[in-house]
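Peer 1: Below are the structure tokens for one structure; questions will follow.
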Amino acid sequence: MAKTFRELTLTHPCFSVGDKVNKGRVHLPVSPGCNICCRFCDRKINDVDIRPGVASMIITPQEAVEVVRRAVELCPDITVAGIAGPGDTLATPYALETFRLIKQEFPDIIKCMSTNGLLLPEYAQEVIDVGIDTLTVTVNALDPEIQAQICSGIVYHGKRYEGVEAAEILIENQLKGIEIVSEAGITVKVNTVLIPEINADHIEAVAQTVAEAGARIYNIIPLIPQHELSWCSVPGCAVLNQARCEAEAYIDVFRHCQRCRADAVGIPGGEDFARQIYIRPVVQQNTFSHG
Ligand code: CLF
Ligand code: SF4
């Protein structure tokens, strides 16, 4: 039985409303590939960038089990095993396979998965059956014209789609997926990357619609301008705060996002134990992709 939203607000570092919860997560970088092309995404295998979409290495589902074991030894405050990339968790089978193994070995740890939602309707039943407790879907726009400015194309069932056509498929699947999964009792968070020049006036509409589809909590992540969106600006505090206030009329808002790497380990914003597990980060660079 998936944990209730109330339980999660006290035990999951990314599902708290109001005060920060001092619990940790271990990210398992088992998902190498992606099936969409976000214009701000710059996936990398390296030891230096501190942001989503980056990991020091890709590990196997079997290795992930050992990583969880070592992580909870090093940081007993870890309550969550999360998979957030560096690519999409449903583009390859490894994330669901990993969660199956984790469920057997660590029945009490919260299983948290993050996806772009393209394949969510067709994998929803597997997501439910494997016992995912919390699912994040990144929804950057619900207007296909706006989404096409953020995502250049998708590969769906072996075919490439571009622009508005790609956006329509992506948006439809994201909303359908959120509906199915939340109806099954899984707590759904929606992440939106806030891009001042593109979707800042659209946040309220996204918040309202995803809440109606069943999402329970909303996380607005400020863009780090890079890749094809390097011409965009970093949202300032006023823009971010306004977006959060607009969204809050429809849905609870999470405010403590740290824009984690795909292999982060520990309490978000606190000591990162990843170097003791994945052998790495020594230098920090302030860049970012999704969430
Ligand atoms: Fe990881 Fe994401 Fe789960 Fe959290 S992160 S998969 S929901 S356990 Fe959290 Fe990190 Fe922000 Fe993500 S602070 S980037 S929202
Ligand atoms: Fe894929 Fe995430 Fe990068 Fe978008 S941000 S292209 S969903 S890995």
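Peer 1: To the nearest 20 Debye, how big is the dipole of the chain about its Cα centre, given +1 on the beta carbon of each Lys and Arg and -1 on that of each Asp and Glu? Don't jump to the answer; show the numbers that get you there.
Peer 2: Values: 25 positive and 36 negative charges, 157 e Å.
Around 760 debye, computed over the chain.
Peer 1: Same structure again: Give me, ordered by chain and number, the residues 5 or more places off Ala2 or on other chains with an amide H under 5 Å from its own placed amide H.
Peer 2: none
Peer 1: Please report the net charge: other residues with Cβ closer than 11 Å to the Cβ of Asp143, K and R +1, D and E -1. Don't jump to the answer; show the numbers that get you there.
Peer 2: Details: positive: none; negative: Glu145, Glu168, Asp201.
Spelling it out: positives minus negatives among the neighbours equals -3.
Peer 1: What order, most packed first, do the peptides 27-40, 116-129 have when packing is the mean number of other Cβ atoms within 10 Å of each residue?
Peer 2: Packing proxy ranking, top to bottom: 27-40, 116-129.
Peer 1: How many lysine pairs does the chain hold where the Cα atoms are under 28 Å apart and the two sit 8 or more places apart or on different chains?
Peer 2: Close lysine pairs under the 28 Å cut-off: 23.
Peer 1: Would you kindly enumerate the cysteines in the chain that have no other Cys beta-carbon under 4.7 Å from their beta-carbon?
Peer 2: Cysteines lacking a close Cβ partner in the chain: Cys14, Cys34, Cys37, Cys75, Cys112, Cys151, Cys232, Cys237, Cys245, Cys257, Cys260.
Peer 1: Could you please put Ile180, Ile59 in sequence from largest to smallest accessible area, using a 1.4 Å probe?
Peer 2: Descending order: Ile180, Ile59.
Peer 1: List the residues, sorted by chain then number, that are 5 or more residues from Ser114 or on another chain and whose placed amide H is less than 5 Å from its amide H.
Peer 2: Ile83, Thr136
Peer 1: Take peptides 265-271, 169-175 and line them up by average Cβ neighbours within 10 Å, highest first, as a rough protection proxy.
Peer 2: Numbers: 265-271: 18.6, 169-175: 21.1.
Top of the packing list down: 169-175, 265-271.
Peer 1: What is the diffusion coefficient of the chain in µm²/s, taking the Kirkwood radius over Cα pairs and the Stokes-Einstein relation at 25 °C with a viscosity of 0.890 mPa s?
Peer 2: Values: Rh = 18.6 Å.
The calculation lands on 132 µm²/s.
Peer 1: State the answer as a single residue: which of Gly158, Ala238, Leu101 lies farthest towards the positive end of the charge dipole of the chain, with beta carbon charges of +1 for Lys and Arg and -1 for Asp and Glu, about the Cα centre.
Peer 2: The one lying farthest along the dipole's positive direction is Leu101.
Peer 1: Please sort 236-244, 138-146, 101-109, 87-95 by packing, taking for each peptide the average over its residues of neighbouring beta carbons within 10 angstrom, highest first. Could the numbers behind the result be given before it?
Peer 2: Details: 236-244: 15.0, 138-146: 20.9, 101-109: 13.3, 87-95: 22.8.
Listed from highest to lowest mean packing, they are 87-95, 138-146, 236-244, 101-109.
The values are calculated or read from the model by the stated rules, or taken from the named source; none is laboratory data. Computed from a predicted model, the values in this text were never measured in an experiment. Cβ: placed from backbone, ideal geometry, glycine included. Neighbour counts: every protein chain shown. Ligands, DNA and RNA are excluded from the accessible area calculation, which covers all protein heavy atoms including side chains. Shrake-Rupley method; radii C 1.70, N 1.55, O 1.52, S 1.80 Å.
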